[in-house]
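The values are calculated or read from the model by the stated rules, or taken from the named source; none is laboratory data. Computed from a prediction, not measured in an experiment: that's the story for all the values here. Positions of Cβ are generated from backbone atoms using ideal geometry, with glycine treated the same way; all protein chains shown enter the neighbour counts. Quick note on the areas: whole protein, heavy atoms, side chains included, nothing else; ligands and nucleic acids left out. Shrake-Rupley method; radii C 1.70, N 1.55, O 1.52, S 1.80 Å.
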Amino acid sequence: MFEYLKNRDIILTLTKYEFKQRYRGTILGVAWSLIVPFLMALVLYVIFSKLLHRTEYGVLYLVVGIFFHRYFALGTSIGLNAITAKAHLVTKTTVPREILPLSTTLAYGLSSFMEMMILLPGIIYFGGDIRFFFLLIVLHPIYILLIYGSNLILSSLNVYFRDLKEIWGVVTQLMFFMLPIIYPIEIIPENLLDIYMLNPLVKLLTAYRDVMIYGKIPNIYDLGYVIVVTLVLLIAAHIIFKKLEKGFVERV
Amino acid sequence: MRAIEVLGVSKKFKIPVERADTLFERIVSVFSGGLRYKEFWALKDVSFEVEKGEIFGIIGPNGGGKTTLLSIVAGILSPDSGEVKINGKVVPILGLGVGFNPELSVKDNVIIYGTIMGLRKKEIERKFEEIVQFAEIDEFKNAKLKNLSSGMIARLAFSTVINTNPDIIIVDEVLAVGDINFRRKCYRKLREMNEEGITILLASHSPEMIRGLCNRAMLLKKTVIEIGEPKEVLRRYEELNAKK
């Protein structure tokens, strides 16, 4: 923990420029990057409108789901390269290695937060209840930590297994269908529901929908479960990262 | 007081005979009887000390372990055996402009490089003018880095590093870039910093640099062959080269 505090200037600087580079530092840049997910939402809505009509606010339900999954997919697929793409920093400087996945995670976390903000007028237009929208400020840091834990593991493993990217691409796609994005949770068969709900992202996505469109306070127990899983993941990821870190300089 | 103490450091590299950088290759190798490695000792039982305020030079043939040793002293690589003791803040200059991004402005790059080298962001901003001036790129300070020549970039990098308040600087060959005037300026600056009490550990191929700059030197070829007066060490180096 103290390490992070001590290195806050490096963390903030790297995060800032990673973000700046991606969007050239403009709000318009963030908005521009949203064309793809909106087009995707349009296509999926046309195809799955029957299923989605069973949910409240079908369009919003879908869009929030897509934007939620987007951070998982983008954040981890870029985070996976955090060490290998910055090989020169690993071999020539003493920068604490975990800062590399951290700054990528933060940069993409920030852009994902801004994307959700940009949805706000649309949510109001389609009649969403935004009373508790501000609670996103509580939810998003949890999501960022969850992604950070994943990225610690992915980025360090990627040094040893360079084809991880391909495998992980399949996982992120699979996750799209394992989350209630294009269907309501109700269609999951009763006997599988317990297993289905073990996925912390399912619970987190439900919480996002609660605050962003349904004007509800998220279920505290579900949220508690997500936080516990996140903390366990962070501890485990840190141990794995520290172990694999020793071989970075020679392998990267 | 000692700034750097290196005690019996050895470093072994394992070089895989077959490549195995992917999960697929790993799986294949399990079936074909495991990975075979060739072991290669880059350093064997290296010991030396550098006193505070010294300029200590390391010379040796290519593949003699200079860069490996510097990386270990800088704390980037860990040795297989032996130990390194450091007194003070080390700033390694193993490559100039590490982390530089051509798409960002000169100022942004100085801030990134400076924070990576352990300076507070505020301090860098305060020193920015000084850094740009020493690098002699005053008129380009608002340009993007990609519009600068490679010499200018090297100057900017060196200029940033020396402004990071180090106690010990580790320099690897990097000053070979840039034109002769800037090189001289760098040497002068290093000497100046040394007079203020900063310890310098440098590796070089160039006998002139060792002779002109160092208080003491070491000839390294996997192990320590000679430590002492630069003149003596260089003589041994000549002998070693003549033998080939």
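Among the residues of the stretch B:53-74, is any assigned by TED's automatic domain parsing to the domain that holds B:Ala217, among the acidic types (Asp, Glu), exposed (fewer than 15 other Cβ atoms within 10 Å of the Cβ) and more than 20 Å from A:Lys92 (Cβ to Cβ)? Within the stretch B:53-74, none of the residues are assigned by TED's automatic domain parsing to the domain that holds B:Ala217, among the acidic types (Asp, Glu), exposed (fewer than 15 other Cβ atoms within 10 Å of the Cβ) and more than 20 Å from A:Lys92 (Cβ to Cβ).
Let's see how each residue does on (1) at pLDDT 85 or above; (2) open to solvent by 50 Å² or more (accessible area, probe 1.4 Å); (3) closer than 30 Å to B:Asp45 by Cβ:
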residue: B:Phe158; (1), (2), (3): yes, no, no
residue: B:Pro166; (1), (2), (3): yes, no, yes
residue: B:Asn181; (1), (2), (3): no, yes, no
residue: B:Glu195; (1), (2), (3): yes, yes, no
residue: B:Ile198; (1), (2), (3): yes, no, yes
residue: B:Leu201; (1), (2), (3): yes, no, yes
residue: B:Leu219; (1), (2), (3): yes, no, yes
residue: B:Glu229; (1), (2), (3): yes, yes, yes
residue: B:Arg235; (1), (2), (3): yes, yes, yes
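For the stretch B:65-85, the set of residues classified as within 9 Å of chain A (Cβ to nearest Cβ) and in contact (Cβ under 8 Å) with a residue 12 or more places away in the chain consists of B:Ser71, B:Ala74, B:Gly75, B:Ile76, B:Leu77, listed by residue number.
State whether one or more residues within the stretch B:6-23 are at pLDDT 90 or above, under 28 Å from B:Glu239 (Cα atoms), open to solvent by less than 40 Å² (accessible area, probe 1.4 Å) and within 14 Å of chain A (Cβ to nearest Cβ). Yes, because at least one residue in the stretch B:6-23 is at pLDDT 90 or above, under 28 Å from B:Glu239 (Cα atoms), open to solvent by less than 40 Å² (accessible area, probe 1.4 Å) and within 14 Å of chain A (Cβ to nearest Cβ).
Filtering the stretch A:179-202 to residues that are open to solvent by less than 20 Å² (accessible area, probe 1.4 Å) and closer than 23 Å to A:Ile144 by Cα leaves A:Leu179, A:Pro180, A:Ile181, A:Leu201, A:Val202. Looking across the stretch A:139-178 at every residue that is more than 14 Å from chain B (Cβ to nearest Cβ), open to solvent by 10 Å² or more (accessible area, probe 1.4 Å) and in contact with a Ser or Thr (Cβ under 9 Å, 6 or more places away or on another chain), the one that is farthest from A:Gly79 (Cα to Cα) is identified as A:Ile142. The set of residues in the stretch A:203-218 that are of a type in the set (D, E, K, R), open to solvent by less than 50 Å² (accessible area, probe 1.4 Å) and touching a residue at least 60 places away in the same chain (Cβ under 8 Å) comprises A:Arg209, A:Asp210. Residues in the stretch A:109-145 that are free of Cβ contacts under 8 Å to residues at least 60 places away in the same chain and under 25 Å from A:Ala237 (Cβ atoms): A:Gly109, A:Ser112, A:Phe113, A:Ile137, A:Val138, A:His140, A:Pro141, A:Ile144.
Scanning the stretch B:86-114 for residues that are within 26 Å of B:Ile200 (Cα to Cα) and in contact with a Leu (Cβ under 8 Å, 6 or more places away or on another chain) yields B:Pro92, B:Leu94, B:Gly97, B:Val98, B:Gly99, B:Phe100, B:Asn109, B:Val110, B:Ile112.
Does A:Tyr221 meet the test of being farther than 19 Å from A:Asn151 by Cβ and either within 14 Å of chain B (Cβ to nearest Cβ) or surrounded by 15 or more Cβ atoms within 10 Å (Cβ to Cβ) (or both)?
On the way: farther than 19 Å from A:Asn151 by Cβ: yes; either within 14 Å of chain B (Cβ to nearest Cβ) or surrounded by 15 or more Cβ atoms within 10 Å (Cβ to Cβ) (or both): no.
No, not satisfied.
For (1) β-branched (Val, Ile, Thr); (2) modelled with pLDDT under 90; (3) part of a helix (DSSP H, G or I); (4) under 20 Å from the mean Cα position of the chain (by Cα), each residue gets a yes or a no:
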| position | (1), (2), (3), (4) |
| --- | --- |
| A:Leu12 | no, no, yes, yes |
| A:Thr15 | yes, no, yes, yes |
| A:His69 | no, no, yes, yes |
| A:Thr94 | yes, yes, no, no |
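Looking at the stretch A:225-247, can you tell me whether even one residue there is loosely packed, with under 13 Cβ neighbours inside 10 Å, aliphatic (A, V, I, L, M) and outside any helix (DSSP H, G or I)? No; the residues of the stretch A:225-247 include none that is loosely packed, with under 13 Cβ neighbours inside 10 Å, aliphatic (A, V, I, L, M) and outside any helix (DSSP H, G or I). Based on this model, can you work out whether A:Thr91 counts as touching a Gly at 6+ places or on another chain (Cβ under 9 Å) and within 14 Å of chain B (Cβ to nearest Cβ)? It is true that A:Thr91 is touching a Gly at 6+ places or on another chain (Cβ under 9 Å) and within 14 Å of chain B (Cβ to nearest Cβ).
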